[in-house]
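Engineer: I have a structure I would like to understand better, so I am pasting it below and will then ask my questions one at a time.
Where a number appears in this text, it was derived from the coordinates with a stated rule and is not lab data. Please read these numbers as outputs of a predicted model, since none were measured by experiment. No Cβ is skipped: glycine too gets one built from the backbone with ideal geometry, and neighbour counts run over all protein chains shown.
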Amino acid sequence: MNSSVSHETLPLKKRPTIAYSSGYRGRFAPSPSGLLHFGSLIAALASFLDAKAYRDINGSQGKWLVRIEDIDPPREQAGASTAILSTLDAFGLHWDEQVLYQSQQAERYQDLLQQLQQQQLSYYCQCTRADIKAQGGIYQAHCRHLAKPAKNSAIRLVNQHGIYQFSDIFQGEVACDKMLAQEDFTIHRKDGLFAYQLAVVHDDIEQKISHVIRGCDLLEPTARQLTFFKTLSSTIPTYGHIPLAITQQGYKLSKQNKAPAIDNSNPQPSLIAALNFLGQKPDPALINEKVSEIISWAINHWSRDSVPNTSALTIKD
C-alpha cells in the first residue's frame, strides 16, 4: 500500500478544544465479518495512539480496549475474531483489558430492553422497508401508539431528543440529517437480533468509554448514539472521526468491498502508510525498525492537529 494520499477539497472546520476531567478509556470495536484491511488498521491505529498519547495528572497513559461486535451471526466469517486479535498483536496494538464479546452480553442487552419498555421508551413496530420508503424514507413513528404485538416485530426507541449536531475532535462542528436524527430508530431487530445502536451504547456505558475514535462512515450513527446516551441519562463520550480510505475508483476500503487483508508477516510498510495517511509524517527510515519502535515513535509524536479534517482521502495502490 503506497502511503501517498490526495486530499478531498472540503471547507476547513474549527476543531474543538478537548478538556479532560478524568482518565481516558478508548476502544476499537471491529465486527468479525472479515479480516482487518488497511482501512481497519487506520481506525485501530488512530484510536490506539490517541489513547496512548494521553497522560493524566500522574503521567499514566489512557486505556485502550478491544470489543468484538459479534451480534450478527449471518454476516460473520468463521475464525475472523481470532484472526483480528492476532493482527492487532502483530501490529503492536496491544489492548489493556479483557476483550469484550458482544455475543456474550445478551442477558444485559435484554435487561436494557426491558428497562426501556417499563419506562415506555420503546415500542413494537411491524413496518417494512417498503412501508418506510412510502413514508418518504424516514420512519414517521407509525407504530408508536398502535400497541403492536411482540411477534414478528422490531423494537424502536421513542426518540425524545433527536440530537443531530455535535463537536468532533477531527471534523469540528458536525451537523447530520436532522430528520434522520429525529427518527425512532430500531434497537431490536425483527429477526430477533439485538440492533447495533443498542449494543454499542450499552457497551460504551458498561466499559466506561470516554473517547470514541473511528471512521467518518459512522458520523450519522453517532447522532443516534448521542440521543440514546441522553435517553439513558449516561455520560456521553468524546467523539473523533478520521477520514475514510477511498480507492482511486471511489470505493471505501471495507470488508463488503472485499478489501485485501493486511499482512501480519510484514507489518512495517502498512504501519508507515497508515501513519502517513493520518498526517503524522513518520521518518521513512522507520520502515526498517521493529514494530515496537514504530509504535513507540508514533505514540511520542501523535498529533491530533495533523490528522486531515476531511471526510475521506484517496489512497494510491
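Engineer: Using 1/(1 + (r/R0)^6) with R0 = 30 angstrom and r between the beta carbons of D263 and D217, what's the FRET efficiency to the nearest 0.05?
Structural biologist: 0.80
Engineer: Measure out, as a whole number of angstrom, how far apart the alpha-carbon centroids of segment 263-317 and segment 93-160 sit.
Structural biologist: Their Cα centres are 39 Å away from one another.
Engineer: How high is the relative contact order of the chain, in percent, with contacts defined as C-alpha pairs under 8 Å that are six or more residues apart?
Structural biologist: 27
Engineer: Oh, and also: Compactness ratio of the chain: Cα Rg over 2.2 N^0.38 Å, N = residue count? Write down the numbers at each step before the final one.
Structural biologist: Details: Rg = 20.1 Å, N = 317, 2.2 N^0.38 = 19.6 Å.
For the chain, the normalised Cα radius of gyration comes out at 1.02.
Engineer: Then there is this: Can you give the calculated 222 nm mean residue ellipticity of the chain, where each DSSP H run of n ≥ 4 adds -39,500 (n - 2.57) and the sum is split over every residue, rounded to the nearest 500 deg cm²/dmol?
Structural biologist: -9000 deg cm²/dmol, from helical runs alone.
Engineer: Right, next: Label-point separation (nm) for Q160 and S103, each offset 7 Å from Cα along Cα-to-Cβ?
Structural biologist: For Q160 paired with S103, the spin-label model returns 3.6 nm.
Engineer: Taking 0.36 nm per intervening residue step and subtracting the Cα-Cα distance, what contour gain separates D305 from E206 on full extension?
Structural biologist: Working: separation 99, 0.36 × 99 = 35.64 nm, distance 3.00 nm.
Full-extension gain reported as 32.6 nm.
Engineer: Mark the label point 7 Å from the Cα of D89 along Cα→Cβ and return the residues of segment 258-278 whose backbone N is within less than 18 Å of it.
Structural biologist: Answer for segment 258-278: 262-268.
Engineer: Of the listed pairs K63/K230; K290/K316; K63/K208, which have alpha-carbon separations greater than 18 Å here?
Structural biologist: Pairs exceeding the cut-off: K63/K230; K290/K316.
Engineer: Right, next: Output ³J(HN,Hα) for segment 51-64: one whole-Hz value per residue in order, computed from phi by the Karplus curve 6.51 cos²θ - 1.76 cosθ + 1.60 with θ = phi - 60°, and x for Gly and Pro.
Structural biologist: Per residue, the Karplus-derived 3J(HN,Hα) values read 6, 7, 7, 6, 9, 7, 5, 9, x, 7, 6, x, 9, 10 Hz.
Engineer: Based on DSSP, what percent of beta bridges with both residues in segment 161-293 are antiparallel, to the nearest 5?
Structural biologist: Roughly 50 percent of the DSSP beta bridges within segment 161-293 come out antiparallel.
Engineer: Please give the direction-averaged projected area of the C-alpha convex hull for segment 161-255, in square nanometres with one decimal.
Structural biologist: On the way: hull surface 29.4 nm².
Reported value for the Cα convex hull: 7.3 nm².
Engineer: Output the lone cysteines of the chain: those with no second cysteine's C-beta under 4.7 Å from their C-beta.
Structural biologist: C127, C176, C216
Engineer: Another question, then. Return the long-range amide H neighbours of V66 (sequence gap of 5 or more, or a different chain), with a cut-off of under 5 Å between placed amide H atoms.
Structural biologist: Correct list: F28, D96, E97, L100.
Engineer: Report the Cα-based extents of segment 119-185 along its three principal axes, largest first, to the nearest Å.
Structural biologist: 43, 30, 16
Engineer: Would you calculate the volume per residue, in Å³, of the smallest convex hull containing every Cα atom of segment 47-103? It would help to have the intermediate numbers written out before the result.
Structural biologist: Working: hull volume 5.0 nm³, N = 57.
It comes to 89 Å³ per residue, whole-number rounded.
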